[in-house]
Structure formats: C-alpha cells, structure tokens
Amino acid sequence: MSGTHFGLIEAGGTKFVLGIADADGAILQRHRIPTLDAHETMSAACDWFRSHDLPFAGFGIAAFGPLDLDKASPNWGSITRTPKPGWSGANLVQPFADAFGCPVAIDTDVNGAALAEARWGGGRGKRLCVYLTIGTGVGGGAVVDGRILHGLSHPEMGHMRLPRHPDDTGFAGACPFHGACLEGLASGPAILARWGKSLSELTSGGTEQQMIAWYLAQAVCNLQAILEPDCIIFGGGVMATPGLLGLVQSEADILGAGYFVGKASAIVMAPGFGEDAGLMGAFALAGSA
Ligand code: ZN
C-alpha cells in the first residue's frame with residue numbers, strides 16, 4: 001500500500017519537533033520531545049509516529065548539524081563532529097527507514113527552510129534564495145533554481161570570517177572552532193557573553209543592536225559578492241529583535257556602496273513561515289525523497 005502521509009522531523013539541539021502532513025503540506029499533527037541522548041530521542045520519535053498507525057509515503061528530517069550528506073558515504077544521514085555530548089556519529093535516518101520502510105530525506109534545518117521558502121514563502125519565484133538563521137547558532141543554506149546548493153557538504157555560512165567592528169574590543173568570540181566568525185560574533189550566546197542580555201533587552205537602535213546589524217550586514221555583502229542572490233531571508237531568535245531587520249538592510253546598502261545588482265533593502269526579508277518553518281522545511285525535503 002502506498003503512503004498518504006509524510007512524517008516530519010525538525011531535529012534541534014534542545015528539542016525535536018515532530019509533525020504529520022498530508023500530501024498537500026497541511027500539518028495535521030504536531031508534537032515536541034526534548035533532545036535527550038540520540039537513542040532515547042530517536043526511539044521516542046519513532047514511537048510517536050507509530051502510534052498514529054498511518055501509511056507513510058516518506059519522512060523528511062531538517063536537522064542541526066554538521067551532517068554527513070554524501071550519499072556514497074556509509075555514514076550518510078549521521079551527525080558528524082558536534083560538541084553536543086552523545087550525538088557525534090548518531091545516524092538520524094536509519095531508525096525511521098527501519099521502522100517505516102519508506103524513503104527518508106535529510107538535510108540541514110537551514111537548507112530545509114531555504115527550500116520551503118523558495119517554494120512557498122518569500123523566495124517564491126526567485127532564482128537564488130538564501131536562508132540564514134541567527135539564534136543559538138548561525139547557519140545558512142541556499143536554493144538555486146529550485147535545488148539545494150551542496151559542495152563537499154552543506155554550506156557553513158555561519159562560520160564565515162568578518163572584519164571586526166572597531167568598537168568590538170575585548171571579546172574573543174563565542175565559536176568553539178574559530179572564535180570570532182559570524183556565529184562567534186553575532187549569535188545569541190555571543191550577544192549574551194558580551195552584554196549579559198539578549199539583543200531585544202538592549203536599547204532599541206542602540207550601539208549594541210547597531211553593532212550586530214553591522215555584522216549581519218557584512219554577511220549580506222559577502223553573500224552578495226559570492227552569489228548575488230535575489231532573496232536573503234533572516235530567521236532565528238535574534239532576528240525577533242524589533243527593528244533589527246531594518247538596521248541590517250540599511251547597513252548592508254551602505255556597505256555594498258551601490259555595487260551589487262540586488263539592493264539589500266529589497267532582497268533582505270523576514271521569513272514567510274513562522275512557527276512551522278522547521279516542519280515546512282522537513283516537508284519540502286520529504287517531497288524530494
Ligand atoms: Zn565558527
């Protein structure tokens with residue numbers, strides 16, 4: 001019997017969001033489980049899907065990374081070198097493939113979000129859609145002519161190197177690998193480490209928010225220099241800071257100095273999906289399985 005439903009997994013570092021969608025992408029059920037160790041978490045997820053007794057056509061997993069996405073690798077679908085205890089080497093695909101016997105697709109959460117945005121959100125009709133999340137971590141993915149961009153692996157846009165803001169002194173950066181990369185300078189933990197508060201708790205339009213906007217604007221200019229995207233979508237908890245997106249747009253237009261075809265004020269935008277961004281990413285991936 002061919003399946004009629006899709007199993008969706010948004011695999012995050014603190015929680016797994018599970019969902020069941022019909023073939024049109026309507027999300028019929030949602031469930032959250034805490035991210036415990038790999039075995040416990042995957043068993044709980046499989047149990048929840050099994051309890052619905054549905055004929056699944058496929059599963060889509062939009063996951064934190066880094067991931068092994070080389071289909072020729074014996075470790076395809078596994079988390080690779082994460083500082084998260086108990087997750088390095090954990091295979092996210094196999095438990096679902098074994099339990100349900102249907103195709104399972106996996107990619108990073110940001111690649112999933114980029115694909116969903118390109119198909120049904122702010123990137124619809126655009127040629128090159130970049131999705132960046134600025135939260136506990138910073139990550140980015142790109143969809144070009146409807147296809148997710150991969151090289152040796154998924155992009156690691158959160159770890160691009162940036163020039164220092166002249167007033168950002170005395171802070172080494174929060175990335176355990178590079179110190180002061182984009183994630184090390186502009187993630188939620190980097191903001192908290194510098195100022196002891198989240199960005200939305202700091203003065204609206206003040207020097208701290210302007211500094212973070214300046215870093216994000218550098219990232220926009222770098223992406224424009226490399227890809228000339230017609231759409232850069234910013235999601236994640238830090239971007240919920242009121243007014244931040246506007247600061248990024250105006251800073252990026254200044255830094256770009258009118259050189260790029262895309263005006264930052266026109267191509268930098270908020271996501272089309274709110275709460276369901278991760279699940280819609282998983283659905284977009286499931287459809288391609
Ligand atoms: Zn880094």
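The values are calculated or read from the model by the stated rules, or taken from the named source; none is laboratory data. Just so we're clear, the structure is a prediction, and the values are computed from it rather than from any experiment. Heads up, the Cβs are rebuilt from the backbone with ideal geometry, glycines too, and the neighbour counts pull from every protein chain shown. We work out accessible area using only protein heavy atoms, side chains counted, and drop any ligands, DNA or RNA first. Shrake-Rupley method; radii C 1.70, N 1.55, O 1.52, S 1.80 Å.
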Against the conditions (1) among the hydrophobic types (A, V, I, L, M, F, W, C); (2) within 22 Å of V144 (Cα to Cα); (3) over 19 Å from the mean Cα position of the chain (by Cα), where does L285 fall short? Just the number, please.
(3)
Matching residues in the range 224-273 - criterion: being of a type in the set (D, E, K, R) and either more than 22 Å from the chain's Cα centre (by Cα) or under 18 Å from G205 (Cβ atoms) (or both)
E251, D253, K263
Residue check, S153 against (1) modelled with pLDDT of 95 or more; (2) farther than 20 Å from I233 by Cβ; (3) more than 11 Å from the ligand (Cβ to nearest atom), all met but one. Which one?
(1)
Could you count how many residues in the range 246-261 are open to solvent by 40 Å² or more (accessible area, probe 1.4 Å), in contact (Cβ under 8 Å) with a residue 24 or more places away in the chain and of a type in the set (A, V, I, L, M)?
4
Under 9 Å by Cβ, and 6 or more places apart or on different chains, what pairs join a residue from the range 171-192 that is under 21 Å from Q209 (Cβ atoms) and of a type in the set (K, R) with one that is open to solvent by less than 20 Å² (accessible area, probe 1.4 Å) and near the ligand (Cβ under 8 Å from one of its atoms)?
none
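Can you give me the number of residues within the range 71-82 that are over 22 Å from the mean Cα position of the chain (by Cα) and open to solvent by less than 60 Å² (accessible area, probe 1.4 Å)?
Number of matching residues: 1.
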Tell me which of these G123 doesn't satisfy, since it passes every other one: (1) away from the ligand (no atom under 16 Å from the Cβ); (2) surrounded by fewer than 24 Cβ atoms within 10 Å (Cβ to Cβ).
(2)
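For the range 17-39, give me the residue count where each residue is in contact with an Asp or Glu (Cβ under 7 Å, 6 or more places away or on another chain) and closer than 11 Å to L279 by Cα. Give the derivation first.
Filtering the range 17-39 for residues in contact with an Asp or Glu (Cβ under 7 Å, 6 or more places away or on another chain) gives 17, 27-28.
Still in the list and also closer than 11 Å to L279 by Cα: 17, 27.
Residues meeting the conditions: 2.
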Subset of the range 262-289 [open to solvent by 50 Å² or more (accessible area, probe 1.4 Å) and farther than 21 Å from L18 by Cβ]:
K263, S265, A266, A270, G272
The range 83-117, residues that are closer than 21 Å to I134 by Cα and open to solvent by 20 Å² or more (accessible area, probe 1.4 Å)
P83, K84, D109
How many of the residues making up the range 134-145 are farther than 21 Å from L255 by Cβ and either modelled with pLDDT under 95 or within 16 Å of the ligand (Cβ to nearest atom) (or both)?
4
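Select from the range 150-175 the residues that are hydroxyl-bearing (S, T, Y) and open to solvent by 50 Å² or more (accessible area, probe 1.4 Å) and list them in ascending order.
Listed by number, the list holds a single entry, T169.
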